Number of protein chains: 2
Amino acid sequence: MAAKSERTRELLVETALRLFRERGYQETTMRLLAAEAGVSQGSAYYYFAGKDELVHELYVRIQQEHRERAEPLLREDARLAENLRTVLQAGLDTMDPYHSFGSTMLHAALSRASAVSPFSEESAPARAAAVGLMHQVLTSSRDTRSMSVHPRLPELLWLAYMGVTLHWVTDPTPGQRRTRRLADGVAPIIARTVALSRLPVGRRLAADVFALVDRLAATT
Amino acid sequence: MAAKSERTRELLVETALRLFRERGYQETTMRLLAAEAGVSQGSAYYYFAGKDELVHELYVRIQQEHRERAEPLLREDARLAENLRTVLQAGLDTMDPYHSFGSTMLHAALSRASAVSPFSEESAPARAAAVGLMHQVLTSSRDTRSMSVHPRLPELLWLAYMGVTLHWVTDPTPGQRRTRRLADGVAPIIARTVALSRLPVGRRLAADVFALVDRLAATT
């Protein structure tokens, strides 16, 4: 039973992701989803309360796939700039099939208190995994491996990746090539900033940034 | 005639902004707008092709009001950190009445190739004015007044302000107090970064950032 239930859920998710890609968010109704998956509407609603839960599932899967794609590409002999670039580009590769769906997803994500938001309580596990990938970038790279990493630094790298994602969603250039260049260009800039934050002249600035992030996280 | 036409247009804009604040974007139809302004629907459409043009008008007015509010508050004896903080907070003060309408406005703004976007061709004059305000912050403040300002720096400050705005739109805390803290905290961090970019150790990093912005601006 558990296995069958898991298979039905999986079938619904796969079908929903295909419909989102092929028909977009508006046209993908729960009715159409049930019909395409060959299950009853009641059954579809048993697994997912609505489309937003499927969008959340998409976000979770994109995170997973991003991590699976990026991890084997991280090189122990590479520097932070190069490994970070690899991770950013792997993220863009992963999201690529969903570009036409991106602005709808963004709209859902930006609604305040939306479960779909990457900043929501519900997204905490997916977010932790994504931040974990950034932590891995820091511990893999030869120039940052032995550095004592501030607990907030992986989170800031993830935030930079969210910025790249925002640019990607609204990027009107063919194949989102401007975002590709942004990822290539921003990776060495971030790596240099990390290096600078360890020099006496940058230490105070870094401390201010981390203190601000702490202060904001504590503001409710 | 020109004066009367200008008055009708103004009446429509004022009415639309009030309806956006009071009823939100969805409920503000062109029909309701015409009725509330006491003009015919034909007349309303003569001035504005649709609601999106009114959203664009709102963006333009917010920029103007932001500038008018911020300029007299800039102090010649203050440092960049303080004047920048003043400008960021003045922006939040200006947008405050429209917070409930913010995520709709953001959705319109993020649609690729949307005229409403602050990055669009249509928004170029409003954007130039907003970037101009940042230029003024640099030339007003006593620690940056005599500095040779890179042509891209005011644009980057404006981009940081766009980041604060994005945080504001999605800020669920009462009175958007987290965004207020972000503005207070980020202003001295930006000022310190600007100072650092003039030291030998930061010069190369700053050059990389400006080169990246140039490269992205040239990518179509």
Of every Cα-Cα pair in the range A:75-220, the percentage lying beyond 23 Å is 40 percent
With N set to the number of residues, divide the alpha-carbon radius of gyration of the range A:117-195 by 2.2 N^0.38 Å and report two decimals.
1.20
Sorted from shortest, what are the nm distances separating the label point of B:Gln64 from equivalent points in the other copies, each placed 7 Å from Cα along Cα to C-beta?
5.3
Can you sort A:Ser197, B:Ser100 by solvent-accessible area, 1.4 Å probe, largest first?
B:Ser100, A:Ser197
Please give the calculated 222 nm ellipticity per residue for the protein assembly as shown, where each DSSP H segment of at least 4 residues contributes -39500 (n - 2.57) and the sum is spread over every residue; nearest 500 deg cm²/dmol?
-24000 deg cm²/dmol
Determine the order of B:His66, A:His56 by accessible area, beginning with the largest, at a probe radius of 1.4 Å.
A:His56, B:His66
Could you name the lysines in cross-link range of B:Lys4, using Cα to Cα under 29 Å and dropping any fewer than eight places away on the same chain?
B:Lys51
At q = 0.13 1/Å the base-10 log of I(q)/I(0) from the Debye formula over the alpha-carbon atoms of the protein assembly as shown is -1.31
When the C-alpha atoms of the range A:78-151 are aligned to their principal axes, what extent does each axis show, in angstrom, from largest down?
40, 26, 14
Largest-first ordering by accessible area, 1.4 Å probe, given options A:Glu82, A:Glu122
A:Glu122, A:Glu82
Return an integer: the convex hull volume of the alpha-carbon atoms of the range B:1-133, in Å³ per residue.
123 Å³
Note, the range A:15-25: 3J(HN,Hα) by Karplus (6.51, -1.76, 1.60, θ = phi - 60°), whole Hz, Gly/Pro = x, goes 5, 4, 5, 5, 5, 4, 5, 7, 10, x, 6
Whole-Hz ³J(HN,Hα) from phi, Karplus 6.51 cos²θ - 1.76 cosθ + 1.60, for the range A:5-10, glycine and proline x:
4, 5, 5, 5, 4, 4
Length-normalised contact order of chain B, Cα under 8 Å, at least 6 apart, in percent, tallies to 19 percent
Given +1 on the Cβ of Lys and Arg, -1 on the Cβ of Asp and Glu, and no further charges, what dipole in debye does the range A:112-212 carry about its Cα centre, rounded to the nearest 20?
380 debye
Run the numbers for B:Asp143 and B:Arg204: contour at 0.36 nm per residue of separation, minus the present Cα-Cα distance, in nm.
19.9 nm
Relative contact order (%) - criterion: Cα under 8 Å, at least six apart; region: the range A:26-128
23 percent
With every protein chain left in place, what is the accessible area per residue of the range B:97-141 in square angstrom, probe 1.4 Å?
39 Å²
Give me a single rounded figure for A:123-136: the average over its residues of other chain Cβ atoms within 10 Å of their Cβ.
0
For A:Leu157, what accessible surface area do you get with a 1.4 Å probe? Give it in Å², rounded to 10.
10 Å²
Take the range B:154-220, drop everything but the C-alpha atoms, weight them equally and run the Debye formula without solvent; then report log10 I(q)/I(0) at 0.21, 0.25, 0.29 Å⁻¹ to two decimals.
-0.93, -1.06, -1.20
Where the centre of each part is set by its Cα atoms, how far does the range A:136-190 sit from the range B:1-68, in angstrom?
41 Å
Of the residues A:Val60, B:Ala49, A:Ala217, the Cα lying farthest along the dipole of the protein assembly as shown towards its positive end, which is defined by charges on the beta carbon of Lys, Arg, Asp and Glu, belongs to A:Ala217
Place the label 7 angstrom along Cα→C-beta at B:Arg21 and in each other copy, then list the distances from the first to the rest in nm, shortest first.
4.7
A student asked for the Cα radius of gyration and Dmax of the range B:1-73 in angstrom ought to give 13.1, 43
Taking a point 7 Å out from Cα toward Cβ as the label site, list the nm distances between A:Ser5 and the same residue in every other copy, smallest first.
6.9
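The values are calculated or read from the model by the stated rules, or taken from the named source; none is laboratory data. Here the structure is a predicted model, which is why all the values come from computation and not from measurement. All Cβ positions, glycine included, derive from the backbone under ideal geometry; neighbour counts span all protein chains shown. We work out accessible area using only protein heavy atoms, side chains counted, and drop any ligands, DNA or RNA first. Shrake-Rupley method; radii C 1.70, N 1.55, O 1.52, S 1.80 Å.
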